[in-house]
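Quick note: the coordinates plus some simple rules give every number you see, no bench work behind them. Please read all numbers here as calculations on a predicted model, not as lab measurements. Don't worry about glycine lacking a Cβ; one is built from the backbone with ideal geometry, like all the others, and counts go over all protein chains shown.
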Amino acid sequence: MGTLEGAVAVITGAGRGIGRAIAEELGQGGARVIVNYSRSKEPAEDLVQKLKEHGSRQAVAIQADVSDATQAARLIEETVQHFGRIDILVNNAGINLDRTMKKMTVEDWNTVIQVDLNSLFYTVKAALPYFTEQKSGTIINISSFVGQMGNFGQANYSAAKSGIIGFTKTAALELARSHVTVNAICPGFIETEMYAIIPEKVKEAILQRIPLGRVGTPQEVARAVRYLIVDGEYITGQTLNINGGIYM
Ligand code: NAD
């Protein structure tokens, strides 16, 4: 890619947290940003306004539940209708429903796999014809260190996040001939609402496990996304760990 200026970037689940920080980082770099949201319109519209005021030439909010194949495909179609192309796809949307396997229901399992893993196939499949026709593009999938090392009470989430890594490598192989790079980012614990709901006692124990002694910020993940897009032309099929050393 080399530059963000004028590039069209779709970020799923961009209303808050890591997705929002990625949208801000890319928008400030001059990208035209599609802010995808599922339910909360207000934070997404607020972000679009902010992006327009600070750098991004254009930004648009598009509602779509990416765990639904039809809605995920519509997100990509509406992006192309709006901006005429798609250059960057960041699959960020994710949820967790944590329980030990003893208590985890089949529904808990399926819901997390559907949102955190299947949605990536839906968006990438829909974007694929545009990327291959353009013969350029970048896909970045937000996985997790939990997909690399497992985590107590997160069988569904860790399976989805591991799956993202395998999916990323295969997509990288299949799209390389079209000059499209596909990489995964594995964040460690990052200060967002997903982290905020963890009980204080558990947070204290978590901090003990992080060699750098603190949780990360959404902006630190966003800067890694920007790096892969702007300076990562020769990087594909990789997982980039932004985790304070919790998994090496
Ligand atoms: P978050 O809960 O703050 O934000 C997730 C966003 O995804 C929300 O805006 C939510 O509305 C959206 N979303 C959820 N389901 C959706 C759907 N079906 N369609 C469209 N949007 C949907 O979480 P976050 O911490 O910002 O997490 C972002 C990503 O980073 C997730 O994939 C998460 O698994 C991953 N991650 C987070 C951490 C962390 O510690 N926060 C660590 C590792 C990986």
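Nearest 20 debye, what's the magnitude of the dipole of region 14-98 about its Cα centre given +1 on Lys and Arg Cβ and -1 on Asp and Glu Cβ? Before the final figure, lay out each step's value.
Details: 10 positive and 12 negative charges, 45 e Å.
It works out to roughly 220 debye.
Neighbour counts of other C-beta atoms within 10 Å: give me 190, 34, 113, 140 arranged from fewest to most.
On the way: 190 22, 34 29, 113 17, 140 25.
The order, fewest Cβ neighbours first, is 113, 190, 140, 34.
Beyond 18 Å, what share of the Cα-Cα pairs of region 1-47 remains, rounded to the nearest whole percent?
Within region 1-47, distances greater than 18 Å cover 22 percent of Cα pairs.
Can you give the helix-only mean residue ellipticity at 222 nm for the chain, where every DSSP H stretch with n ≥ 4 adds -39500 (n - 2.57) and the sum goes over all residues, rounded to the nearest 500 deg cm²/dmol?
Working: 10 runs with 117 residues, N = 248.
Value at 222 nm, helices only: -14500 deg cm²/dmol.
With the radius of gyration and the Kirkwood radius both derived from the Cα set of the chain, what is their ratio Rg to Rh? Display every interim value, and only then the final one.
Values: Rg = 17.1 Å, Rh = 18.0 Å.
Reported Rg/Rh, Kirkwood definition of Rh: 0.95.
Quick one: which residues, 5 or more positions from residue 239 or on another chain, have an amide H under 5 Å from its amide H? H modelled 1.01 Å from N in the peptide plane, none for Pro or chain starts.
Here the answer is 184, since their amide H atoms fall under 5 Å of that of residue 239.
If exposed means no more than 15 neighbouring beta carbons inside 10 Å and the site is in a DSSP loop, what's the longest run of the chain without any exposed GluC sites (Glu not before Pro)?
Here the longest run is 6-232.
For the chain, find the longest principal axis of its Cα atoms and tell me its angle to the long axis of helix 218-231, 0 to 90°, nearest 10.
Here the helix axis deviates by roughly 40 degrees.
Take the Cα radius of gyration of region 4-111 and divide it by 2.2 N^0.38 Å, with N its residue count; two decimals is plenty. Don't jump to the answer; show the numbers that get you there.
Working: Rg = 15.1 Å, N = 108, 2.2 N^0.38 = 13.0 Å.
Taking the Cα Rg and dividing by 2.2 N^0.38 Å, one obtains 1.15.
Under a 5 Å amide H to amide H cut-off, with H placed in plane at 1.01 Å, what residues pair with residue 36 once short-range neighbours are removed?
Sorted by chain and number, the residues that satisfy this are 11, 13, 14, 62.
What net charge is computed for the residues neighbouring residue 134, neighbours being all others with C-beta under 11 Å from the C-beta of residue 134, Lys and Arg scored +1, Asp and Glu -1?
Numbers: positive: 85, 135; negative: 87, 133.
Net charge in that neighbourhood comes out at 0.
Could you size up the charge dipole of region 108-248 around its Cα centre, putting +1 on the beta carbon of Lys and Arg and -1 on that of Asp and Glu, and report it in debye to the nearest 20?
Taking the Cα centre of region 108-248 as origin, the dipole is about 200 debye.
With the contact rule set at Cα under 8 Å and sequence spacing of 6 or more, what percent relative contact order holds for region 8-236?
Relative contact order for region 8-236 comes out at 19 percent.
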